[in-house]
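In what follows, a structure is listed as structure tokens, so that the remarks can point back to it.
The values are calculated or read from the model by the stated rules, or taken from the named source; none is laboratory data. If you're wondering where the values come from, they're calculated on a predicted model, not measured in any experiment. Neighbour counts are summed over all protein chains in view; Cβ atoms, including those assigned to glycine, are modelled from backbone coordinates with ideal geometry.
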Amino acid sequence: MEVVLNGVVTDVDQEMNLWEFLLSKELNLETIIVEHNEVIVKKQEWKTMILQDKDRLEVLKFVGGG
Amino acid sequence: MTDQLVIGGRSLQSRLFIGTGKYSADTLIPEIVKKSGSEVITVALRRIDFNSPTGNVMDHIPSGMQLLPNTSGARNAQEAIRIARLAKAAGCGNWIKIEVISDNKYLLPDGYETIRATEVLAGEGFIVLPYISPDLMVAKQLVEVGAAAVMPLGAPIGSNRGLKTKELLKILIEEIPLPVIVDAGIGKPSDACEAMEMGAAACLLNTAIASALQPELMAESFGMAVAAGRKAYLAGLGRTEKYASSSSPLTGFLHN
């Protein structure tokens with residue numbers, strides 16, 4: 001299946017939950033923010049959210065700004 | 001003498017708010033915070049670039065700082081509201097700097113969209129600090145819809161040009177019953193000092209420190225300038241005169 005990750009179509013080989021998917025991207029999970037189909041997903045919900053085909057994910061972090 | 005700025009129920013000793021952008025390395029930030037004495041610091045929210053992952057600015061912000069995430073990148077109220085909610089969900093607290101910009105040349109803010117976003121977010125309990133052009137009517141409407149302060153620009157963002165909008169800033173300071181925080185364009189400590197002398201409640205700046213040859217030293221200088229300007233405002237500036245007025249007595253001279 002495919003998900004749209006930060007605007008880019010990305011292949012997902014097997015069924016996995018959001019937490020597993022984020023881990024596979026080698027992210028520091030402590031400091032990121034995730035939107036799933038434009039709804040903010042709380043950290044405690046990452047392991048129970050199974051990714052579906054065509055899901056849209058936005059993965060964000062804080063950067064320097066004025 | 002206690003002279004604290006209170007915003008959203010938080011008392012602040014320092015009236016200098018600083019940004020975290022444009023530093024050669026985020027590792028400079030703790031020292032910038034320390035030297036400036038600032039208690040409020042801005043951050044931005046962006047998509048992670050999976051091709052070149054970098055560190056997170058939050059790792060370098062000392063604990064106890066009041067975070068002020070901005071909505072930079074938002075082109076309308078809806079996008080600003082979305083970013084504000086994300087920042088809050090990320091544990092950033094409930095302060096938000098509304099920044100709605102669709103003009104890429106001068107980065108001037110959209111007053112109408114800013115008012116709309118402020119109304120929604122203030123209604124949700126956010127402490128909203130909107131970045132605006134120094135427009136009296138926009139500022140008055142922001143008061144109506146629940147802003148916690150207004151943040152008019154002195155000059156375009158990142159331009160270091162100083163208080164080009166001085167006359168309009170004075171009007172806002174006089175007429176708006178909220179803290180007026182001069183945001184954007186301040187280039188020199190003397191600009192910040194002047195804004196404070198005029199009665200601004202605080203100054204927010206980023207580029208002027210980040211682009212200095214020695215950012216830590218400039219941070220310290222800005223901290224002192226803001227404090228000096230505030231004291232001058234409280235002291236009450238003397239009047240200006242066209243002609244000279246001797247400071248020493250005009251009697252008792254040693255000649256006839």
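Picking from B:Leu168, B:Leu205, which residue would you name as being hydrophobic (A, V, I, L, M, F, W, C) and within 15 Å of the chain's Cα centre (by Cα)?
B:Leu205
Going by the structure shown, is A:Val4 in contact with a strand residue (DSSP E or B) (Cβ under 8 Å, 6 or more places away or on another chain), surrounded by fewer than 17 Cβ atoms within 10 Å (Cβ to Cβ), part of a strand (DSSP E or B) and within 13 Å of another protein chain (Cβ to nearest Cβ)?
Yes.
Quick one: would you say A:Asp55 is in contact (Cβ under 8 Å) with a residue 12 or more places away in the chain, of a type outside the set (Lys, Arg) and away from chain B (no Cβ under 11 Å)?
yes
If I go through segment A:17-33 residue by residue, how many of them are surrounded by 19 or more Cβ atoms within 10 Å (Cβ to Cβ) and at the interface with chain B (Cβ under 9 Å from one of its Cβ atoms)?
Counting residues in segment A:17-33 that are surrounded by 19 or more Cβ atoms within 10 Å (Cβ to Cβ) and at the interface with chain B (Cβ under 9 Å from one of its Cβ atoms) gives 1.
So, in segment B:75-104, exactly how many residues are crowded, with 19+ Cβ neighbours inside 10 Å and under 20 Å from B:Gly19 (Cβ atoms)?
So the count comes out to 15.
For segment B:74-90, how many residues are assigned to a loop (DSSP other than H, G, I, E, B) and within 9 Å of chain A (Cβ to nearest Cβ)?
Number of matching residues: 1.
To keep it simple, each residue is scored yes or no on (1) modelled with pLDDT under 95; (2) loosely packed, with under 15 Cβ neighbours inside 10 Å.
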{"residue": "B:Ile171", "(1), (2)": "no, no"}
{"residue": "B:Leu178", "(1), (2)": "no, no"}
{"residue": "B:Lys188", "(1), (2)": "no, no"}
{"residue": "B:Glu194", "(1), (2)": "no, no"}
{"residue": "B:Asn206", "(1), (2)": "no, no"}
{"residue": "B:Gln214", "(1), (2)": "no, yes"}
{"residue": "B:Val226", "(1), (2)": "no, no"}
{"residue": "B:Arg230", "(1), (2)": "no, no"}
{"residue": "B:Leu237", "(1), (2)": "yes, yes"}
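Is one or more of the residues making up segment B:96-117 within 25 Å of A:Leu29 (Cα to Cα) and not aliphatic (A, V, I, L, M)?
So far as segment B:96-117 goes, no, none of its residues is within 25 Å of A:Leu29 (Cα to Cα) and not aliphatic (A, V, I, L, M).
Would segment B:9-27 turn up any residue that is at pLDDT 95 or above, closer than 21 Å to B:Cys193 by Cβ, polar (S, T, N, Q) and in contact with a Ser or Thr (Cβ under 8 Å, 6 or more places away or on another chain)?
Scanning segment B:9-27 turns up at least one residue that is at pLDDT 95 or above, closer than 21 Å to B:Cys193 by Cβ, polar (S, T, N, Q) and in contact with a Ser or Thr (Cβ under 8 Å, 6 or more places away or on another chain).
How many residues are of a type in the set (Phe, Trp, Tyr), part of a loop (DSSP other than H, G, I, E, B) and within 22 Å of B:Arg15 (Cβ to Cβ) if we restrict to segment B:104-162?
1
Looking at A:Ile40, A:Ile50, which is the one that is of a type in the set (Val, Ile, Thr), more than 30 Å from B:Ala25 (Cβ to Cβ) and more than 10 Å from chain B (Cβ to nearest Cβ)?
Exactly one of A:Ile40, A:Ile50 is of a type in the set (Val, Ile, Thr), more than 30 Å from B:Ala25 (Cβ to Cβ) and more than 10 Å from chain B (Cβ to nearest Cβ), namely A:Ile50.
Go through the residues of segment B:173-188 one by one and say whether even a single one is of a type outside the set (S, T, N, Q), in a loop (DSSP other than H, G, I, E, B), touching a strand residue (DSSP E or B) at 6+ places or on another chain (Cβ under 6 Å) and within 13 Å of chain A (Cβ to nearest Cβ).
Looking through segment B:173-188, at least one residue is of a type outside the set (S, T, N, Q), in a loop (DSSP other than H, G, I, E, B), touching a strand residue (DSSP E or B) at 6+ places or on another chain (Cβ under 6 Å) and within 13 Å of chain A (Cβ to nearest Cβ).
Which of the residues spanning segment B:23-72 are within 15 Å of B:Met218 (Cα to Cα), assigned to a loop (DSSP other than H, G, I, E, B) and more than 7 Å from chain A (Cβ to nearest Cβ)?
Answer for segment B:23-72, where residues must be within 15 Å of B:Met218 (Cα to Cα), assigned to a loop (DSSP other than H, G, I, E, B) and more than 7 Å from chain A (Cβ to nearest Cβ): B:Ser24, B:Gly37, B:Ser38.
Please go through segment A:7-16 and pick out each residue that is away from chain B (no Cβ under 12 Å) and of a type in the set (A, V, I, L, M).
Across segment A:7-16, the qualifying residues are A:Val9, A:Val12, A:Met16.
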